[in-house]
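Let me begin by presenting the structure, written as structure tokens, before commenting on it.
What follows draws every value from the coordinates through simple rules; no lab data is involved. Note that the structure is a prediction, hence the values are computed from the model and not measured. Glycine also receives a Cβ, built like all others from the backbone with ideal geometry; neighbour counts cover every protein chain displayed.
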């Protein structure tokens with residue numbers, strides 16, 4: 001489905017009215033169409049989700065995979081017409097269940113994770129990093145299936161700073177979850 005008549009800026013109310021198989025994000029009112037994920041993207045995402053979900057079984061935090069609307073800057077009392085930024089991280093961890101509603105997540109998740117593809121690298125490393133930083137996401141993972149690496153950014157004051165880069169044989173620490181470690185050899189099989 002094509003977008004309705006071009007507007008200067010879209011809101012979440014517009015976004016909710018769009019029908020069709022296409023997926024979009026809203027970045028400060030601009031609609032960005034998301035490409036369909038590749039097979040390797042889905043395999044990497046599935047394994048990361050599996051390991052995190054296994055760790056969180058019986059705990060208060062939730063892990064949720066895309067498609068899942070995260071309204072980063074929505075505040076209490078905002079209407080869909082007031083919201084101009086909606087993203088769909090590949091994986092989100094939300095520990096405050098009051099942020100979750102029937103439409104997704106209101107405010108910044110504790111962790112967002114993006115899996116790079118050739119078409120999304122610039123968007124994920126610049127635009128999304130900036131958005132997550134402005135919103136106060138505590139931890140941001142950038143996963144490269146091509147390079148078999150995970151870059152972990154941690155919020156330090158008001159800035160997301162590169163904390164660690166893991167390779168395909170490493171065990172990566174999820175900093176926002178005490179005692180949670182991800183075996184990257186299972187995420188990036190040889």
Inset, instruction - With viscosity set to 0.692 mPa s and temperature to 37 °C, compute the Stokes-Einstein D of segment 12-187, Rh being the Kirkwood radius across alpha carbon pairs; µm²/s, no decimals. - result: 200
Legend entry - Relative contact order (%) - the chain, alpha-carbon pairs under 8 angstrom, separation at least six: 16
Inset, instruction - Give the order of 149, 121, 39 when sorted by the count of other beta carbons within 10 angstrom, beginning with the fewest. - result: 39, 121, 149
Inset, instruction - Between 139, 76, 25, find the one with the highest GNM mean-square fluctuation for the chain; connect C-alpha pairs within less than 10 Å. - result: 76
Legend entry - Where labels lie 7 Å past Cα in the beta-carbon direction, separation of residue 101 and residue 186 in nm: 3.5
Legend entry - Candidates 147, 88, 133, ranked by Gaussian network fluctuation over the chain, Cα under 10 Å, top entry: 147
Inset, instruction - Could you tell me the distance between the Cα centroids of segment 43-110 and segment 126-190, to the nearest Å? - result: 16
Legend entry - Contour minus Cα-Cα distance for residue 18 and residue 169 (0.36 nm per residue): 50.1 nm
Inset, instruction - Considering only 48, 116, 126, give the residue with the highest GNM mean-square fluctuation for the chain, with springs between Cα atoms whenever their separation is below 10 Å. - result: 126
Legend entry - Ascending count of other beta-carbon atoms within 10 Å, so fewest first, for 101, 82: 101, 82
Inset, instruction - Output the Kirkwood hydrodynamic radius of segment 26-101, Cα pairs only, in Å rounded to one decimal. - result: 14.1
Inset, instruction - Note the angle between two axes, namely the Cα long axis of helix 39-56 and the longest principal axis of the Cα atoms of the chain, as a number of degrees from 0 to 90, rounded to the nearest 10. - result: 70
Inset, instruction - Order by neighbour count: 73, 181, fewest other Cβ atoms within 10 Å first, most last. - result: 181, 73
Inset, instruction - With a point put 7 Å past each Cα toward its Cβ, work out how far residue 28 is from residue 127 in nm, to one decimal. - result: 1.1
